[in-house]
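**Q** Sending over a structure as structure tokens; questions will come in a sec.
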Amino acid sequence: METNQLREFLKQHYLFCMLVGIGIFLFFFELGSRSFEIKDARRFAEITQEMMQDGNWLVLHSHGNTYMNKPPMLMWLIALFSSIGHRVTPLTARLPSAIAGLASMLMTYYFVQKFFNQRVAFIAAIILATAQKYF
């Protein structure tokens, strides 16, 4: 009986399931295998590492200087994922952004589906996910 329910669910929501698969591939494929070649990712990782070492979670520091250019939420999320291994890695530094990218793509699908249909919502979410500045 459960197999029939699963088959029926997949038949009704096949575009959503495809979107989740495409999103996971786009945002999570080889996420931790690249080094910190982008200077922003490297800077955020260094700030998070200093935050974890100093224990000062409210005022961010970069090489001893106060860093006030960005709100601390991203660094807090990086620290949350990095607390498992007690150090910042390329995977833990990029994981919050990848999760946010996937979540935004799924929210776009859900929002557009309310006003149009599943096909239009799927296309809108794919356009968002593959836009150059978003990706």
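**Q** Note the angle between two axes, namely the Cα long axis of helix 39-54 and the longest principal axis of the Cα atoms of the chain, as a number of degrees from 0 to 90, rounded to the nearest 10.
**A** So the helix axis and the longest Cα principal axis differ by about 60 degrees.
**Q** Here is a follow-up. What do you get for the angle between helix 118-130 and the principal long axis of the chain? Use alpha-carbon atoms, 0 to 90 degrees, nearest ten.
**A** 30
**Q** Then there is this: Please turn the phi angles of segment 68-77 into ³J(HN,Hα) values with the Karplus equation 6.51 cos²θ - 1.76 cosθ + 1.60 (θ = phi - 60°), one per residue in order, whole Hz, x for glycine and proline.
**A** 10, 7, 10, x, x, 4, 4, 5, 5, 5
**Q** Once you keep just the Cα pairs under 8 angstrom separated by 6 or more residues, what percentage relative contact order results for the chain?
**A** Here the relative contact order equals 27 percent.
**Q** Whats the longest run of the chain with zero GluC sites (Glu not before Pro) that are DSSP loop and have at most 14 other Cβ atoms within 10 Å?
**A** Result for the longest clean stretch: 38-135.
**Q** Starting from the amide H of S62, placed 1.01 Å from N in the peptide plane, find each other amide H under 5 Å away whose residue is 5 or more places distant or on another chain.
**A** Y67
**Q** Please check the chain for the longest run free of trypsin sites (Lys or Arg not before Pro) that are loop-located per DSSP (anything but H, G, I, E, B) and have at most 14 other Cβ atoms within 10 Å.
**A** 35-86
**Q** Rounded to the nearest 10 degrees, what's the angle between the helix 2-12 long axis and the longest principal axis of the chain, both from Cα atoms, 0 to 90?
**A** It works out to around 90 degrees.
**Q** Of all the accessible heavy-atom surface of the chain, with the other protein chains kept in place and a 1.4 Å probe, what percent is carbon and sulfur?
**A** Carbon and sulfur: 64 percent of the exposed surface of the chain.
**Q** Give the Rg (one decimal place) followed by the Dmax (whole number) of segment 4-135, computed from C-alpha coordinates and expressed in Å.
**A** Over segment 4-135's Cα set, Rg and Dmax evaluate to 18.2, 60 Å.
The values are calculated or read from the model by the stated rules, or taken from the named source; none is laboratory data. Since the model is a prediction, treat every value here as computed from it, not as a measurement. Using ideal geometry, Cβ is built from the backbone for each residue, glycine included, and neighbour counts are taken over all protein chains shown. Ligands, DNA and RNA are stripped out before the accessible areas are found, and what is left, the full protein with its side chains, is counted by its heavy atoms. Shrake-Rupley method; radii C 1.70, N 1.55, O 1.52, S 1.80 Å.
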